[in-house]
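Worksheet: the structure to be examined is printed underneath.
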Amino acid sequence: MPIRLLKMTMTATAVLIVLSGGFVEARAGELRLFDLAQGKIISPARALERLGGMRIVLVGEHHNNAEHHRAQLQIIRSLHQAGHKVAVGLEMFRHDSQAELDRWVAGGIDETRFKADYQENWNYDWKLYRPIFDYARSQKITLVGLNVPPDITAQVAFHGFNSLSVKQKGSLEGITCDVSAEYEAYIRRAYGAHGHGHMNFGRFCEAQLVWDTAMAMNAIAFAQSHPHTILVILAGSGHARKPGIPAQLVKRRSWPVAVLLPATGGIFDAAHISSRDADFLILSK
C-alpha cells in the first residue's frame, strides 16, 4: 500500500472493529491490520488465521487511548469466539496480585472491590479497561498479572540493578541486567532522547530491561503450564515492540509470537517502523 494511502487510512478517529466476521460498533469506520512484512492490509479472516497459530500475541497500547483498548478487546473476543482457548496477560497488574485477578474471573468479588485492586496496581482510568475485564469475567477467560512491584523498577532506574537487595533480587529469579548497545539504541528510539527525565540513561535502560524481562518470564511460566492456550499480552507499545518483551520471549523459547501495534502517525506507521518492530499495525479507517 502506498504510504500516502496508509496515512489517509490512519486519519479517522472512530472505529468499527472487525476481525473475525463479528462487529463491535464504536462510532464509525473500520479497524484493520496492516502486515508490515507484506506491506499490505490483510483480510479479517486471514488476520484471525495468523493470530490463531500463535502461542503469544502482544497487543500494544497507548494507555489512555480508548480506541486501542477497544481493539484489544476485539482481538481477544475474535480469538475466543473462533474456538481458541485464550488467556490475557496484563502489564496493568503485578504478578503478586494474581489471587485478586482469579477471584474477579471466578465471580468471587464485586466490581467495587476489584476496581480498588486495579487502582492499587495501575493509575490509568478504570473505564478504559473495564470492558476487557468484564468480558474476561463473563467468559471465564484467565487474567494473568505480569508486572513487577513498581518500587523495584524505580530503584533500578535511580540507583541501578546492583542496588537491589538479595531479597529484592529473589523476586527476579533468573533475571540479569546486561544492557546491550542495541537495547540502548532501542530505548532511545522508543522513549525519545529525554524519556528518562533526570535519571541516568544507563540506569533507565536497566529498569526497562528488568521490566521487559520479568514480564516475559512471567508470561513464559504461564504459557508453559497452559500449552493449548493463546496468551494475549496487553502492554504499552514500548514494551510490546519486538526489541522489548518479545525479544526476551524468543531468547528463551522458540514459540510463535506475534506483535501488533496501534498505528500512530509519525511514530508507528509504515514510514517509521518495519517488521523488525512489529508484525502488524492496527489501522483505523
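Listed values, structure above:
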{"read-out": "Ranked by how many other beta carbons lie within 10 Å on average, peptides 74-85, 177-188, 150-161 from highest", "value": "74-85, 150-161, 177-188"}
{"read-out": "VAL86 long-range amide H proximity, modeled H, under 5 Å", "value": "ILE230"}
{"read-out": "In segment 27-115, the GluC sites (Glu not before Pro) that fall in loop regions by DSSP, at most 15 other Cβ within 10 Å", "value": "none"}
{"read-out": "THR176 versus ARG276: modelled label distance in nm, points set 7 Å from Cα along the beta carbon direction", "value": "2.5 nm"}
{"read-out": "Relative contact order (%) - criterion: Cα under 8 Å, at least six apart; region: segment 46-260", "value": "38 percent"}
{"read-out": "In the chain, lysine pairs with alpha-carbon atoms under 26 angstrom apart (chain gap of 8 or more, or interchain)", "value": "19"}
{"read-out": "Kyte-Doolittle at least 0.0, axis length at least 20 Å by Cα - qualifying DSSP helices, the chain", "value": "201-225"}
{"read-out": "Placed amide H near ILE41: partners under 5 Å, 5+ positions off or other chain", "value": "ASP35"}
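Every number in this text was worked out from the coordinates using simple rules, so none of it is lab data. Owing to the predicted nature of the structure, the values given are computational and were not obtained by experimental measurement. Every residue, glycine as well, gets a Cβ built from its backbone with ideal geometry; the counts of neighbours run over all protein chains shown.
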